[in-house]
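Input: a single structure, listed below in structure tokens.
The numbers here are math on the coordinates, done by the rules we state, and not lab data. Owing to the predicted nature of the structure, the values given are computational and were not obtained by experimental measurement. Every residue, glycine among them, receives a Cβ derived from its backbone with ideal geometry; neighbour counts consider all protein chains shown.
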Amino acid sequence: MSDSPSPLAIRTIHRSDYQPPDWLVETVHLDFDLSLDATTVSATLGIRRNGSHDRPLRLDEDGAIPEVIRVDGKAVAYTRDSGQLILPVGSETATVTFTTTIDPSANTQLMGLFASNGMLCTQCEAEGFRRIIPFVDRPDNMAVYTVRMEADRAAFPILLANGEKVAEGDLDDGRHFAEWHDRWPKPSYLFALVAGQLVANRDSFTTASGMDVDLAIWVRDGDLDRTGHAMQALKNSMRWDEQVYGREYDLPVFNIVAVSDFNMGAMENKGLNIFNSRYILADADTASDLDFDGVEGVVAHEYFHNWSGNRVTCRDWFQLSLKEGFTVYRDQCFSADMGSEAVKRIEDVRILRAAQFPEDNGPLAHPIRPDSYQEISNFYTATVYNKGAEVIRMMATMVGPKRFRAGTDLYFDRHDGEAATCEDFVRAIEEGAGINLSQFRLWYSQAGTPHVTARVEHDDASGTAALHLTQTIPATPGQPDKQPMLIPLRIAAHDRAKNAPGSEQLVLLGEAEASVSLGRFSEPPVLSFNRGFSAPIIAEVARNPGDLAWLAAHDDDPFARYEALQALMLDTLVARVSGGDASHDAVVAAVGNTLASWASDPAFVAEACALPSEAFVGDQMLVVDPDAIRRERRALQRSIGQTHEALLRTIHAGTATNATELSPTAKGMRKLHSLALMLLWASDAADAPALAFAQFAQAGGMTDRQAALGILAHMDAPERQTALDAFYARYHDNQLVLDKWFTTQAFSLRADTPEVVAALAQHPDFTLGNPNRVRSLYGAFAGNQASFHDASGRGYALLADLVIALDPKNPQTAARMIPPLGRWKRFDESRARLMREALERILETPDLSRDVTEQASKSLA
Ligand code: ARG
Ligand code: ZN
């Protein structure tokens with residue numbers, strides 16, 4: 001294994017330094033002799049000089065070093081320099097051969113070839129392939145792979161790799177082999193193999209052009225009956241991509257494998273997607289509606305990568321959003337089509353605001369196409385993924401679905417088989433859809449969330465109204481000055497006097513300041529702004545409670561109705577947290593008004609009436625006061641709960657109907673069921689513990705059960721521990737459900753949560769070896785604002801301890817825990833000092849990984 005680099009040796013990679021590879025590997029033959037702790041890989045690489053030069057071959061390496069490397073059969077002396085093997089090659093083409101030996105069971109980083117629960121699998125994106133063999137391990141090197149695997153048949157009966165199986169058979173001593181060939185040239189990050197004791201849910205799909213595809217979802221024995229939702233999602237995705245983008249699948253087999261130890265959500269390896277089991281396994285007893293939606297969304301996401309990622313891949317990792325932003329946009333649209341478009345949009349914006357806005361507003365802010373990095377794993381971010389998706393969505397909004405499709409058709413046709421850039425995508429949309437995107441390109445290069453102010457001016461004398469807009473983009477690290485961007489804003493001006501909504505227009509704001517005529521109105525119109533969240537901005541609209549309440553009740557855009565009610569709640573909370581005594585009345589009345597229509601649109605009502613999170617309230621403030629936010633949020637919930645107690649009881653009783661059906665209405669009913677319970681608890685109703693425990697104990701599915709447990713976890717009543725114990729007893733053998741048990745306690749609003757989390761970290765079921773388990777405890781805790789930001793600083797110390805303990809095992813997952821500590825500028829002096837101390841303590845740790853060093857040092861700056 002390679003030595004950890006000292007911080008001084010960490011190099012910064014710049015996008016502007018891109019050079020094509022000097023040598024290309026065009027064919028790859030790999031021969032694996034697989035075992036859990038000593039796997040040998042014999043490699044034969046067909047290489048070609050790329051252009052006319054006399055530079056040596058450079059192979060990226062990360063610990064798997066061959067003893068001998070042969071070029072055309074002759075051993076060649078090589079040198080080593082900062083992560084590369086350098087060897088002279090005299091001819092234009094050559095065959096390079098060598099053998100490496102690796103220990104998958106010692107691979108706790110879960111990058112390259114690793115062992116999980118007795119099986120072997122790979123994760124190569126972004127730079128894991130070089131942990132298997134030295135290689136031109138960059139996405140602009142595309143090669144055709146043939147993979148032979150040999151292993152003990154009893155331990156590894158199933159042998160899978162990319163593409164199609166071309167041979168298999170028995171060998172001596174209980175061993176067997178399989179050979180796979182992938183006809184599609186691909187970059188090394190899409191290489192995959194799996195070996196283990198697996199069983200398959202098999203199905204088939206016939207493409208639009210009539211090719212039959214064998215589908216299989218591989219899981220451990222016992223998990224088979226939890227793969228149905230994933231299979232349905234896969235078939236729906238395959239059809240959807242044909243219908244919406246004209247993209248068909250291109251191999252006769254498509255395999256998916258679920259593994260329990262996985263750093264991220266899933267991976268789109270060609271023909272062999274590998275998944276974190278939490279995004280495959282789901283049934284009503286163990287998975288909540290959120291989990292079911294996660295399965296559907298991630299299965300679709302990875303499938304869609306077959307075109308947006310695999311057939312057209314990325315030239316270099318700075319282009320990551322080319323495949324991730326576009327693919328997130330595609331999976332969002334797919335899920336909207338499978339369920340409720342309005343609810344899906346609300347959820348996606350909630351995620352953007354919770355995960356991406358803070359990133360864009362902090363020390364780790366970067367453009368969706370970054371300019372530099374130290375460790376690429378740190379750039380699999382909400383900015384690259386989710387803001388990246390918003391940028392694609394804005395293009396689609398500006399040109400409409402037909403022209404957007406013409407643009408993506410041109411993109412896929414023009415770049416099929418290539419490693420492309422974000423610029424290639426933008427140019428294809430420009431040409432295919434017929435739009436000038438010169439100014440719009442700034443969305444790729446400028447970080448920071450634009451602030452847009454909107455003010456309606458009404459001239460009584462002439463009876464006309466105008467909208468005055470301004471935009472500013474805050475400074476971000478390395479980008480002190482910003483240029484105005486092109487911001488597509490869907491707006492409408494409603495005439496409260498007439499009872500019909502105003503017609504919508506698309507305003508393209510391209511200047512720092514602009515004015516738009518809204519037409520004739522006898523009184524000032526009510527502005528419906530950034531409808532559908534057409535642009536990922538922070539809107540600062542001069543607004544009053546009366547207008548917001550009216551919009552919440554009457555706007556014809558469901559997102560705008562949601563937004564109005566949220567804004568009303570937010571304004572009230574922020575005013576009170578800042579020391580004002582703003583009345584609850586307007587919010588309580590507006591919520592009551594929305595609740596009244598619960599039966600006709602339960603999902604929307606549940607979204608709209610849920611209070612903004614503590615963190616989102618904090619994001620509105622110059623200095624976050626976590627304790628005041630928790631207190632005021634609870635107080636507002638109490639007012640709502642007390643005023644509407646009777647209605648909430650009706651809703652709670654009336655939504656307890658269907659425990660497992662997955663229709664949008666049934667899911668909405670369940671969401672509303674638990675929202676009602678939450679508000680009844682917040683109202684201090686004496687029977688709240690009993691009501692919550694009854695919902696917990698009688699739940700027909702995990703959605704109701706988990707939500708009830710979450711509410712019980714906030715309480716002091718004895719039902720709390722009874723329920724937690726019952727949940728543990730019932731599910732402690734199911735790792736994915738046990739994660740929920742940890743998360744539920746880490747999310748508790750109780751004052752003792754930091755100690756509870758510290759105690760859970762010592763629980764026998766807690767382990768640093770499983771990323772899901774780490775996130776279930778510490779990821780949840782860091783998202784529990786007032787508990788994590790406990791004034792004592794013990795929350796920060798807990799997280800720093802975790803990062804320090806985890807880094808030597810799994811630097812990628814350790815580094816992902818750091819950003820919450822980097823928000824210190826937004827907190828009071830005492831908390832800021834404690835947060836900085838935690839970051840400094842991390843940085844003082846010897847032999848820190850590149851991943852953690854980059855995130856911690858940038859977070860301190
Ligand atoms: N490409 C994967 C996706 O679909 C993410 C894999 C990244 N994995 C990693 N270890 N960096 O989003
Ligand atoms: Zn992806």
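Summary of the geometry: region 664-694 and region 490-519, compared by the centres of their Cα atoms, lie 39 Å apart.
A quarter of the convex hull surface defined by the alpha-carbon atoms of the chain gives 35.7 nm² as the mean projection. When the charge dipole of the chain is built from unit charges on Cβ atoms (+1 for Lys and Arg, -1 for Asp and Glu) and taken about the Cα centre, the candidate among M238, V349, S277 whose Cα reaches farthest toward its positive end is V349. Length gained on full extension, R634 to S597, computed as 0.36 nm times the residue gap minus the Cα-Cα distance: 10.9 nm. Rounded to the nearest 20 debye, the dipole size of the chain about its Cα centre is 1040 debye, using +1 on the Cβ of Lys and Arg and -1 on the Cβ of Asp and Glu. Backbone phi angles across region 849-861, fed through the Karplus curve with coefficients 6.51, -1.76 and 1.60 (θ = phi - 60°), yield HN-Hα couplings of 5, 4, 4, 6, 4, 4, 5, 6, 6, 5, 5, 7, 5 Hz in residue order; Gly and Pro are listed as x.
For the chain, the longest principal axis of the C-alpha atoms and the axis of helix 829-843 are separated by about 10°.
Among the listed pairs K387/K667; K825/K858; K165/K270; K387/K809; K186/K235; K344/K402, a Cα-Cα separation exceeding 19 Å is found for K387/K667; K387/K809; K186/K235; K344/K402.
Could you please state, rounded to a whole Å, how far the C-alpha centre of region 163-177 is from the C-alpha centre of region 844-860? Centre-to-centre (Cα) distance: 45 Å. Compared with the direct C-alpha span, the chain from S503 to R520 gains 4.9 nm at full extension, assuming 0.36 nm per residue.
Relative to the dominant Cα principal axis of the chain, helix 664-682 is inclined by about 60°.
Taking amide H positions as modeled 1.01 Å from N, with prolines and chain starts lacking one, the residues under 5 Å from V259 and 5 or more places away or on another chain are F275, N276, S277.
In the chain, the longest principal axis of the Cα atoms and the axis of helix 320-338 are about 50 degrees apart. Remark: region 702-716, residue by residue, has Karplus-estimated 3J(HN,Hα) of 5, 4, 5, 5, 5, 5, 5, 4, x, 6, 4, 5, 7, 8, 9 Hz, where x stands for each Gly or Pro and the curve is 6.51 cos²θ - 1.76 cosθ + 1.60 at θ = phi - 60°. With 0.36 nm allotted per residue and the present C-alpha distance subtracted, the H53-D733 stretch has 238.9 nm of extension available. Put the Cα centre of region 418-452 next to the Cα centre of region 304-318 and the gap is 17 Å.
Taking label positions 7 Å along the Cα-Cβ direction at both E242 and L860, the computed distance is 5.7 nm, reported to one decimal. Does region 315-444 come out rounded, prolate or oblate by the C-alpha gyration tensor, with a ≥ b ≥ c the root eigenvalues, rounded set by a/c under 1.5 and, if not, prolate when a/b is larger than b/c and oblate if not? Note, shape of region 315-444 comes out oblate. Between S830 and I86, the simple spin-label model (points 7 angstrom out along Cα→Cβ) gives 5.6 nm.
Here T660 and D337 are evaluated by their C-beta separation; at R0 = 30 Å the FRET efficiency comes out at 0.85.
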